[in-house]
Structures are given as C-alpha cells and as structure tokens.
Amino acid sequence: MDSDSAAVLTLASKVSSVDDLAELLRHLRRRQARRRGDPPLTYRELAGRTGWSHGSIGGYFTGKILPPTDRFDALVQLLDASPDELGALADARDRAEEHSRGDEPGAAAGAARDGIPRQLPAAPESFTGRDAAIARLTAAAGTVIVIGTAGVGKTALAVHWAHQVADRFPDGQLYVNLRGFGPGTTEVTADETLRAFLTALGVAPDQVPAELDARIGLYRGVLTGRRVLILLDNAAHAEQVRPLLPGRSGSLVVVTSRNQLTGLVATDGAVPVTLDLLSAGEARRLLAARAGSARAGSARAGSARVEDDPAAAEAIVEACARLPLALVVVAARAAAHPDLPLGVLAGELRAERGRLAVLRDAAAATDVRSVFSWSYQRLSAQAAALFRLLALVPGPDVGRAAAAALLGEAADARRALAELTHASLLSEHAPGRFVAHDLLRAYAAELSGTLDGAAERAAATLRLLEHHLRTAHTAALLLDPHRVPLPDVGTAASPGTEAQALAWYAVEHHTLLAAVRQAAVTGHDGHAWRLAWTLVDYLDRRGHWPDLLAVQRIALAAAQRAGDAAGEAVSAHQLGRACIRMHDYDDAAVHLELALDRYGRIGDDAGRARVHGNLGFIADRQSRPRDAIGHLLRSLDLLRATGDQAGQGAALANLGWSYAAAGEHREALDYCHQALQLQQRIGDRTGEAYSWDSIGFIHHQLGEHEPAAECYHQALDLWREIGDRYGESETQTHLGDLHRAAGDQQRARACWLAALAILEDLGHPDAEQVRRRVAAA
C-alpha cells in the first residue's frame, strides 16, 4: 500500500460527520490532481461528467449535503479511489449518515442532512369526498393552487393527497404554513421560507446566502434533478410563492389560498383547483366518518348513527352549512358521546343558533359562530379559559409551557389542551405544539374581548411575556456563556444545553419576534428590549439579519419610551451591529455613538469597549485607519481595565491590521504578535486564525513572501479546523494575492478559485471581487 492510499484510509477511519466526509472528498480531489499533474476538477467539470447539478456537487464537497449512497460511490470512483479504498470509503459515508440523523437539534422538524426532507403534517383523520379535486391534483404538473373559503378544507385536501402520492417524490416533501390569513399573525416571507427549505434540503444554516436572489439560485440549484413535493399552505399573495417555485425540475408545488393568485396562473402557468362547500352527500359521509371514531368499543359506529336518524343528520349538515371545519367540530361532540342520539345534538345546535347573532363569512355566507359556541359551552371552565386566552398568543402556535403561563401556575394546562384537542378546537400539529384554525382563533378573540376583563387579559399577557423572557434568557446564555446576564430576569429549567437552546430557538424564534412586537404595543417596554436582547446571537448565527435589524429598532424605541438608559445602550449597540451586518455603516455609526453615550451614563466600561471596537471596524471598512486606531486603543484600555482577555486579543489583532493599513508595518507586526501570544495562551483559535492572517498580510506588504505564505497556511489550517469557511475564503484570497505578487499566476488563480467556490456557496457579496481577480488572471 502506498503512502497516498494509507492517508486516504486514515482519513476515512476518522470520519464521524458530514463535514469530515466533505474533507475526505476534497482530499481525494486534490490527490487526483496531484497524480495527474492537472488543476483539481472544478464543480462544473464534475457536474458535466456526472450529470448532477453544480449546486449538489458543491454541497457534497462543502459538507452542506450528504451524498446519497449511489452518488457517493460514483463520485469516489470518478476521483480515482482504488478498489482497496472503496470499502473504507463506504463505511465512512455510513458513519457520517448515522451522525447526521442526530446532530441537527436546531433544524426544522422533518429536516434531514441527507437532503431527503419529510415535512408533511399528519394526514387528516377520516378524510372523505373531494374526488374531482383529487383527480385534478393527481393529473397536474408544475404548480397547482387549491383555492377556497376559510374552513372549506383546503389544507386537509392538500395534506391528504400529498400523503397518498408521497412515493412519487423520492427526494422528499417540503411543507410550510405561510400564515397568509388569521388574526394577529405575521405572514411568513419567501426569504424566511427559503432559509428553512434549504436547511431541510441539507444546506448548513450558516451557509445559507444572506441575499434573496442568491437564496433563490441555491434553492433551485439544489432542487435541480430532484423530485420533491412542495406544499405551500395558506398563502396570501403571489410574492410569498413565486420565489419558492423550483424552476425546471421534476418537483411539484401545491399552494393553498383563500385568494385567486391570478398572477401565478397568468405568468407562471399555475393550475387552479377551486374547492366549494361539500355536497350534501359528502357532508353526511364526513359526519358519519367522524361521529363514531372517538373511542374503541363504541356501541354504534358513526355511519349507523347517520343511517338511523337521517333527518337529524340533515339538520346538522344544514346547521354547519356543509362547511368541513364546522362539521368536524360538531362531529367531535358526537363522537365524545356515542350513546347520545343525533337528534338531541341537532336540537341543541338549533337552539344555540337561535340564541346567537349570526357571524357571516362574506364568501360562503355561513353561520359558524353558533357551531363553535355550541362546542365551546361544553368545555370545562379551565379549558374554556385557555381557549379564550389563546387569542393573546402572538405567534403562529403555542407550546405546553406557554399555555401553562397563560393560565397561571395553579392550572392544569396539559389537561386543558387535551380537552380542546379532543373537541377539535385545537390541533396538535407537531409534538407539544398546538394551533387553532383562523376562524376558531377569531372566535376566541371575540369571546375573550367579551368575557375576560381588561385586567385579566393584561395579567395573562404579562405572564406569557415573562415566560418567554425567562426561557429565552436561559437559551441566550447557553449560546454565549460570556454574555453578562440581564438583571432581574431569572432563568428557566430548560433548555439545559447549547444544542437544546438551538433547538428551542428554531421552534420559537418566530413567536419571540412577535412577542417583542406584542410587548411594545401593550406597554411592556422593558420586556420588549430585553426579549430583543435574547434573540441577538441566534439571529446573527443563522443570518436572519433583517429580522435582527427590525427587532432592535423596536427595542430601541421601547427603551427610549421607558427612559431606560441601560436598555437604550444595549439596544442602540445591537442595532448598530445589525446595521454593520447590512453594510449600512453610516446608520451603524449613529446608533453606536448613542450606545457609547448611554454606556457612559451608566458606567458600563465593558459596553463602551465593545462599541469602540465596532466603531473601529467601521472606520477600517471606510479606509480611515487613523480613526480605527483611535477607537481600538480606547477599546484596549477599557478591556484591560475589565480583565477581558479574549476581547484584548481581538483588539490587539485589529490594531495590527489598522496600523498596517496606515503603512506602519513594524508597529502592526508588534501588535499582531502580542495578540497571537495572548490568543494561544487562552485557547482562542478563531482569534489566532485572524492574527496569523493579519501577520501574513503585513509580511506581504513588506515584500517578505516566504514568511507571508507560511502565516497564511497557518491561518488556513485553523480556519478548516474550526469550520469557519468565510475566514478560509479571506485567507485564500490573500494567499492568491501573494502568489500574484510573486509572479505565480497559476497558484494565484487556484487560490482565488478556492475562495470563489466558498463565497458562491455562502452567497456572499465578496464573491464579485474575487471573480474579477479570476477573470483578470
């Protein structure tokens, strides 16, 4: 066995994750190039030889997507793996797959690192009818829009049909509730949905592009050659949907909406499928299917009950106006009491209708309030209270812990949720997560406004905000243990680990964003800015920078209304950082100067130090090295006074960079070496990688090419070790610049191509600068 093969087998034996497998593939690619004396095959060349998409190839080599077994076997053979290596390579892939099944606690439900998402909600119970609509869906290709009024069963039809045909889509099923309709909810944007879908398709969350166009391109590239069913539920308008269409592929998109979405029909070739109210026969069959299914051992099946009293069944169908949602609610009552004659139920429902004013849906002209009220009045006092208070929930759904907070400590929220679910007034759409239909939520809001006093509603809102704040505060400190805890907030029992915190944020962050807005509009300004503080690290890690910007604007306004200097300092600081992420340096500077003033007022030197560091970063990006040096020296003095060693290392390294930009290279080297020694002593590998890169850059400026190259390679090894791909791209770019200066155009181009591949995968705007270097070469 030669040394090359031994190295491959050693690397293969160490594979324990998808990232490790990607490094093994990159090693095979480099080895093949070295043996043949040619540059490494590009992603486009590999795509041309395999027929797979460029995006999929890139995903395999960067650890974003686990290659399916057949593709992995073909790929390693294309990269000249020997017969003796194939078995070890296959074992390595299997270990990576096993690890990937459990290493994404923060991923959305149904996401899979092997790129095979299975996100469909549970199939509806006892689905019946809709034969013509099912036939049209089955015959369709491209994009289908299921259109109909509220409660007519659009989602039930789409989910039922999707489960029936799932085997036609071997590459998975994607699902999202776009929340286009409903009281107090915020629409889900295409930008948000693309991030969630890309993650479900195997793209690492930190590698999803920040720009919408880049996300669309990556999404369509990943879907090319795949057959995926994409269910976009509850859309309000075409702008939510159009960016999610996969382009030319074997995938099928099913959209549900109350609106016609004529733009998609006219310009995107979507096929409309309109749902009307159930026919009388379909309505009777739905009632029969649901009315006898409550518990095993029921003496009389639903169909028998309908056959025994057809007049009562007709009365119930008429009272529900053949609207599926209303029929399901009534059938739940019937199923819970299998010995109660349908005639008694019909009489109760007629009496309830007579006592209530009519709530009409303009499109369907149906009286649904009476049906809901008829079911609501049979709830226990605790379940009824929870149903009403759910109207106060700011997000799209509610978990058990939040429901308990609404009711108060003495209540049994689990029992109340179970009662509401059995009555079909709630559905458990994911384990421990409950959601009400839009019409039911509107009815709950009406009841709460009538029956719950203002003081009771305010107290429930405060309990809910307190619950969110305590839990999010705990999660935020798990993501960054070095953050100074907020005073007077407290902690929650869970989450307990960083992985659990990420998983919790993945489920709750939309609710938390809505909670910030709710806190601000209900006069709880202190909760608003503190909740925004808890979201900073999660939103930043996941690249949700527009959300970060929006929520910090709300936070700053809330802190200013409250006259809270600490809140102003924190919120202005985080708003400035969000502006930096969005490359809006002028606005960032305004907010950071405000934060500097407020930190000064409250005597927070650590906060002042961080702000000076941010202002130094802006000055550097705006080619004002002297201003950057001034800010960084002030930051360093404050950090030394507070004892923050990691902060001191970063400030020293940044000082070195800024001195180099000012042409003072010897001073720059001195600061960078001080930073390197400190970072090595405290184990700050990220800081160390930055320092090596900076030292390499300074040697390059001094014309000292050999030590510059050594420093850059030290930085590259660290970037790869810690998995920071953007840092790796920066250093590859600098190394390419060094080779160009030394007259080695071939090596320069290879480095720039490596940097460009990373930046294109990240969707980063720096890619254009590197692309120009490659073109010039």
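Brief remarks follow.
- Filtering the range 60-69 for residues that are of a type in the set (A, V, I, L, M), out of contact with any His (no Cβ under 9 Å at 6 or more places or on another chain) and either at pLDDT below 85 or not assigned by TED's automatic domain parsing to the domain that holds ARG226 (or both) leaves a non-empty set.
- Complete set of residues in the range 135-185 that are in a loop (DSSP other than H, G, I, E, B), over 27 Å from the mean Cα position of the chain (by Cα) and of a type in the set (Gly, Ala, Ser): ALA140, ALA141, GLY148, ALA150, GLY151, GLY153
Let's see how each residue does on (1) more than 26 Å from the chain's Cα centre (by Cα); (2) surrounded by fewer than 24 Cβ atoms within 10 Å (Cβ to Cβ); (3) on the phi < 0 side of the Ramachandran plot; (4) assigned to a helix (DSSP H, G or I):
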site: GLN560; (1), (2), (3), (4): yes, yes, yes, yes
site: ALA569; (1), (2), (3), (4): yes, no, yes, yes
site: ALA572; (1), (2), (3), (4): no, no, yes, yes
site: HIS583; (1), (2), (3), (4): no, yes, no, no
site: ALA588; (1), (2), (3), (4): no, yes, yes, yes
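- Members of the range 161-172 found to be surrounded by 21 or more Cβ atoms within 10 Å (Cβ to Cβ) and on the phi < 0 side of the Ramachandran plot, listed by number: TRP161, ALA162
- For the range 212-229, the count of residues that are at pLDDT 85 or above, outside any helix (DSSP H, G or I) and within 17 Å of ARG179 (Cβ to Cβ) is zero.
- Filter result for the condition that a residue is among the small types (Gly, Ala, Ser) and within 27 Å of ASP604 (Cα to Cα), over GLY663, GLY696, GLY687, GLY703: GLY687
- Only one of GLN701, GLN679, GLN645, GLN732 that is more than 32 Å from the chain's Cα centre (by Cα) and buried (at least 24 other Cβ atoms within 10 Å of the Cβ): GLN679
- Residue count for the range 1-52, restricted to those that are farther than 30 Å from GLY250 by Cβ, within 33 Å of the chain's Cα centre (by Cα) and among the basic types (Lys, Arg): 1
- Unique residue being at pLDDT below 95, within 23 Å of SER375 (Cα to Cα) and out of contact with any strand residue (DSSP E or B) (no Cβ under 8 Å at 6 or more places or on another chain) when the list is ALA430, ALA444: ALA444
- Residue check: ALA200 meets all listed conditions (1) in contact (Cβ under 8 Å) with a residue 60 or more places away in the chain; (2) within 27 Å of LEU439 (Cα to Cα); (3) crowded, with 18+ Cβ neighbours inside 10 Å but one, namely (2).
- Residue in the range 669-680 that is in contact with a Leu (Cβ under 6 Å, 6 or more places away or on another chain) and of a type in the set (Phe, Trp, Tyr) present: yes
- Options SER448, SER494; residue that is of a type in the set (S, T, N, Q) and assigned by TED's automatic domain parsing to the domain that holds LEU513: SER494
- ARG195 closer than 26 Å to ALA514 by Cβ, out of contact with any Leu (no Cβ under 9 Å at 6 or more places or on another chain) and either assigned to a loop (DSSP other than H, G, I, E, B) or at pLDDT below 90 (or both): yes
- Residue within the range 660-669 that is in a helix (DSSP H, G or I) and touching a residue at least 40 places away in the same chain (Cβ under 8 Å) present: yes
- Looking only at the range 514-532, and only at residues there that are of a type outside the set (S, T, N, Q), in contact (Cβ under 8 Å) with a residue 60 or more places away in the chain and not in a loop (DSSP other than H, G, I, E, B), the one that is surrounded by the fewest Cβ atoms within 10 Å (Cβ to Cβ): ARG517
- Residue within the range 455-472 that is under 24 Å from ARG517 (Cβ atoms), surrounded by 16 or more Cβ atoms within 10 Å (Cβ to Cβ), of a type outside the set (Lys, Arg) and free of Cβ contacts under 8 Å to residues at least 60 places away in the same chain present: no
- Residues of the range 400-425 that turn out to be without any contact (Cβ under 8 Å) to a residue 24 or more places away in the chain and within 23 Å of PRO124 (Cα to Cα), as a count: 3
The values are calculated or read from the model by the stated rules, or taken from the named source; none is laboratory data. Everything numeric here is computed off the predicted structure, so don't read it as measured data. Every residue, glycine among them, receives a Cβ derived from its backbone with ideal geometry; neighbour counts consider all protein chains shown.
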